[in-house]
Amino acid sequence: MVDSAYEGEMVEVSPVVELSLNSVVGLTAPGTFKLKGTVENQEIVIMVDCGATHNFISLKLVENLKLPMAETTNYGVIMGSGKAVQGRGMCKGITVGLPVISIVEDFLPLELGNIDMVLGMQWLQKQGAMTVDWKALTMTFVVGDTKVILKGDPSPTRTEISLKVLVKTWQPDDQGFLVNFSAMGIPKEDRELVVTDAVEDYQPEFAQLQQEFSDVFEMPDGLPPMRRIDHRIQ
């Protein structure tokens, strides 16, 4: 675990900071791209995310490298899912090696998905005018008299997780469905026959279910019942 002893004077942090859902789970999406970098000679995966207000660093990386943390005021982190978590502490003056340059930035520690670091608007706005091609995953800006071109690396991908691990991430108020897709090695010419046989074999069970739960199969005659959250657009 991260040492609870903070170093130096207390640092003021915005009461509320935001992090996109893509950065939380480590998914590359429009407005983000990944690249490889280094911190203290350890290779890391970095997400550049214009949807994040601040820079973030994985708690796991902080623990592994034993990075010092400065004490801060309490702050809330609004995740892309709408969930808010409380954070505290800041890793100040972390030197990060990017493919063509090195930067020194402050980072808020947070549990991240399959990435080690997020460079958000805290870093992006310092670069001034820049050209970004999200399709080609390139970012061009000028540092001093030097033109810098950062190119996203498509190779850092998320690793598979088990259903057991996925279920542990659920919160009491979360709503959704789990759908499991499995490949079936059935020859094309046999697929129609297999489906037809399956329907006929289970026809009595289908009829019984339809009769027992007839209200479920009826066409709705009104709007669905009110829920605490009807919909959310991220």
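All of the numbers you see were taken from the coordinates with simple rules; none came from a lab. Keep in mind that this is a model prediction, so the values were computed, not measured. When we count neighbours, we look across all protein chains shown, and the Cβ atoms used for this are built from the backbone with ideal geometry, even at glycine.
Amide H neighbours of H54 under 5 Å, counting only residues 5+ apart in sequence or on other chains, H built in-plane at 1.01 Å?
E18, M121, Q122
When Lys and Arg each count +1 and Asp and Glu each count -1, what net charge do the other residues less than 14 Å away from T131, Cβ to Cβ, add up to?
Once all neighbours under 14 Å are counted, the net charge is +2.
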